[in-house]
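What follows is a set of notes on a single structure, which appears directly below.
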Amino acid sequence: MGVLVVTGTSLTGESIIVTVNGQTAGTYNLSVIPPKAECLGTYKATLTATSEDTYVSTTGSVVLTKVDLTNKLVSGTFEFTAANSTLVVKQITVGTFTDCNVYYSIIET
C-alpha cells in the first residue's frame, strides 16, 4: 500500500496537508487511534507556524474520486475537524483537489 500526500498553500501562507494511507479510489476515514487511521489532515495558519498555529485532524475523511497513476493524476474531496496544542478547534470543510499531478518514486528494499 502506498501513501498519498496532497499539499496546498495560499498566497498568504496558509496550508493544508492531506495524507492518505492508500492509492486507490475510495473513502478513507480519519481516526485518532493509530491502527484505524486511514488519513490525516493538517492545517497551518502561517508558513512559520508554531504549535498554536498548527491544527491536526481529530475526525474527518478523504474521498479519492480519481487515482490515475498512468497519467499521474489524482482528484478527491476532504473534510476534517482539527485542534491545535491549546485545543482550539477549526473546521475544514468542502475541500477539493482536481487532477493534481502525482510525483512518486518506488524504493526497493
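Compared with the alpha-carbon gap, the fully stretched path from GLU14 to TYR103 is longer by 29.8 nm at 0.36 nm per residue. If only the Cβ of Lys and Arg carry +1 and only the Cβ of Asp and Glu carry -1, the dipole of the chain around its Cα centre is close to 100 debye. Gain on full extension, evaluated as 0.36 nm per residue between LEU73 and LYS90 minus their Cα-Cα distance, stands at 3.2 nm.
Using the alpha-carbon positions of the chain, Rg (one decimal) and Dmax (whole number) come out as 14.1, 43 Å.
Here the label points at THR46 and THR24, each 7 Å from Cα along the C-beta direction, are separated by 4.4 nm in the simple model.
Out of LEU73, THR46, THR9, whose Cα points farthest toward the positive end of the dipole of region 4-101 (charges: +1 Lys, Arg; -1 Asp, Glu; placed on Cβ)? Working it through, the farthest residue towards the positive pole turns out to be LEU73. In summary, the aspartates and glutamates within cross-link reach of LYS90, defined as a Cα separation below 13 angstrom excluding same-chain residues under 8 places away, comprise GLU52, ASP53, GLU79. Within the chain, the longest run free of exposed loop sites, counting GluC sites (Glu not before Pro) that sit outside DSSP helix and strand states (H, G, I, E, B) and have at most 15 other Cβ atoms within 10 Å, spans 15-107.
FYI, it's all coordinate maths here, none of it is from the lab. Keep in mind that this is a model prediction, so the values were computed, not measured. Using ideal geometry, Cβ is built from the backbone for each residue, glycine included, and neighbour counts are taken over all protein chains shown.
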